[in-house]
Amino acid sequence: MYMKSIRSLILSSAVLIGTLSTADAETLVISSWAPPTHVLNAEAYPAFIKLLEEVTNGEVTAELKLGLAPPPAQADLVMDGAADITHIFHGYTPGRYPAAELAELPGYQGGAEALSGAYWRAYEKYLKDTGMHQEFKLLALVAHGPATLFSVDKVNDLAAIRGMKVRVPGGVGSEVMAELGATGIQVPANKVYETLSAKAADGVTLNIDARQGFNLNEVAPYMYEVPGGFYRGSFAILMNRAKWDSLSPEVQKAIDEKITGETLSRLWGKIWDESDSRVHDEIPADNLVSASTTDVEAFKAISDVVSQSVFAKVEAATGLDAMEVRDFIAEQTVAIESEK
């Protein structure tokens, strides 16, 4: 299968961060804003570094540095050359990457691996022509798994969200919560624990593994979920263009053929899927509420409203047929999911 050739790398690199293969390896600096134990830092970046060393025969490695800049400043950090590589969440910079919201819409039938692979295919077919991330070397596009609602008090139905103060991510997640009648509080994910501890919010929308990655079980122990999630989060893995250009043609070719694009997008998505699954299994049954059939239908109507709003924004900003792109992503997600 597509991911079989790199699955062993995930296992062998789960605790590896930046081990040099040779004494004179080119060492890239990776900036991450997530906590040290978050799955991206504990598993995804180490797997990427291991793969980087493998395909370049030890000529290139990387070291992971945390806390260099807040989440919304990561792209500028790499643009300025203060770091070589980072991942960004598109929702933290509203309006800067409008087409990214198409990957965030609720309703996709597949996990993070399938959606991330489909997202990259949509980039190649549609989004690249909009100039999305042209100022960087774009290494991957990733969409996390279904977003859920974590809450301080138990939420038993969709109607209970109305009037709640909910931390929202920006992008589609913010629009969905607004349509549900929640008051949105926008803070980056790494500030969620602090926000909930201070009782400044009643809940938070994030993907499932955030319960562990951001210690939400301590401050928002209850979870309310809808099939397919309230939204998906859109991320990009970016590299400084000048740093990329400084690598030898042979190294660039190896990275492009064996890492860049769908391979890395799906690798990160797969790691996230596995983390979501582990965390979901650990949630006490009394703390988990799944949407009723009535609520699923009600949320479908909300999703349609949000989707139409996003289509209009994307078309105005890019000229794309936004519904066509969304449908392509949906079709490719199902296709990839069926191949796994």
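Only the coordinates and a few stated rules stand behind these numbers; no lab work does. Remember, it's a predicted structure, so these values are computed and weren't measured experimentally. With ideal geometry, Cβ positions are generated from the backbone for all residues, glycine too; neighbour counts draw on all protein chains shown.
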- Message: Once R0 is set to 41 Å, what does the formula 1/(1 + (r/R0)^6) return for the Cβ-Cβ distance between Asp129 and Ala198, expressed as a FRET efficiency to the nearest 0.05?
- Response: 0.40
- Query: What's the tally of Lys pairs in region 87-224 whose alpha-carbon atoms lie under 27 angstrom apart, where the two lysines are 8 or more places apart or on different chains?
  - Reply: 8
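Anything in the chain that counts as a DSSP H helix reaching 20 Å or more along its axis (C-alpha) with Kyte-Doolittle mean of at least -1.0? List them, would you? Don't skip to the end; give the middle numbers.
Values: long enough: 262-282 (30 Å, -1.24); 293-318 (36 Å, 0.40); 322-339 (26 Å, 0.03).
The answer, listed by residue number, is 293-318, 322-339.
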- Kirkwood hydrodynamic radius over Cα pairs of region 19-88, then Stokes diffusion coefficient at 25 °C and 0.890 mPa s, in µm²/s: 198 µm²/s
- Task: Using Cα positions and a limit of under 21 Å, work out the lysines in reach of Lys300, with same-chain residues fewer than 8 apart set aside.
- Result: Lys313
- Task: For the chain, build the charge dipole from Cβ charges (+1 Lys, Arg; -1 Asp, Glu) around the Cα centre, then report which of Gly229, Tyr193, Val325 sits farthest towards its positive end.
- Result: Tyr193
- Task: Would you give the gap between the C-alpha center of region 89-143 and the C-alpha center of region 188-212, rounded to a whole Å?
- Result: 24 Å
- Neighbourhood net charge (14 Å Cβ-Cβ; Lys/Arg +1, Asp/Glu -1) for Ala285: -3
- Item | Global size of region 200-340 as Cα Rg and Dmax, reported in angstrom | 19.2, 58
- Task: Provide the packing ranking of 274-281, 247-254, i.e. peptides ordered by the mean count of other C-beta atoms within 10 Å per residue, highest first.
- Result: 274-281, 247-254
- Determine the percent antiparallel among the DSSP beta bridges restricted to the chain, to the nearest 5. 55 percent
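Beta carbons within 10 angstrom, averaged per residue: use that to sort the peptides 304-317, 182-195, highest first.
Those peptides, ordered most packed to least, come out 182-195, 304-317.
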- Item | Relative contact order %, region 11-140, counting alpha carbon pairs below 8 Å whose residues are six or more apart | 24 percent
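Which value, in debye to the nearest 20, gives the size of the charge dipole of the chain about its Cα centre, when Lys and Arg are +1 and Asp and Glu are -1 at the Cβ? Mind dumping the intermediate values first?
Working: 28 positive and 46 negative charges, 75 e Å.
Roughly 360 debye, rounded to the nearest 20.
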- Task: Calculate, in nm to one decimal, what Gln109 and Met323 gain on full extension: separation in residues at 0.36 nm each, minus their alpha carbon distance.
- Result: 75.4 nm
- Message: So if I take the centroid of the Cα atoms in region 253-323 and the same for region 215-242, what is the distance between those two points in Å?
- Response: 9 Å
- For His38, His90, ascending order of other Cβ atoms within 10 Å (fewest first) is His38, His90
- Please give, to one decimal in nm, the separation of the simple spin-label points placed at Glu315 and Asp153, each 7 Å out from Cα toward the Cβ. 4.2 nm
- Query: Based solely on its DSSP helices, what 222 nm [θ] is calculated for the chain when runs of n ≥ 4 H residues each add -39,500 (n - 2.57) and the sum is averaged over all residues, nearest 500 deg cm²/dmol?
  - Reply: -12500 deg cm²/dmol
- Stretch gain in nm, segment Asn287-Lys340, where the contour uses 0.36 nm per residue and the Cα spacing is subtracted: 16.0 nm
- Task: Could you please report the charge total around Ala147, scoring K, R as +1 and D, E as -1 over all other residues with beta-carbon less than 10 angstrom from its beta-carbon?
- Result: -1
- Query: When the C-alpha atoms of the chain are aligned to their principal axes, what extent does each axis show, in angstrom, from largest down?
  - Reply: 59, 43, 38
- Message: How high is the relative contact order of the chain? Use alpha-carbon pairs under 8 Å, at least six apart in sequence, and give a whole percent.
- Response: 26 percent
- Note on the structure: Here the net charge surrounding Glu135, from other residues whose Cβ is less than 12 Å away from its Cβ (Lys, Arg +1; Asp, Glu -1), is +1
- R0 = 22 Å: FRET efficiency of Glu331 with Asp304, Cβ-based, nearest 0.05? 0.75
- Task: Using only alpha carbon pairs under 8 Å that are at least six residues apart, calculate the relative contact order of region 206-331 and give it in whole percent.
- Result: 41 percent
- Contour excess over end-to-end distance, with Cα ends at Arg162 and Glu63 and 0.36 nm allotted per residue: 31.2 nm
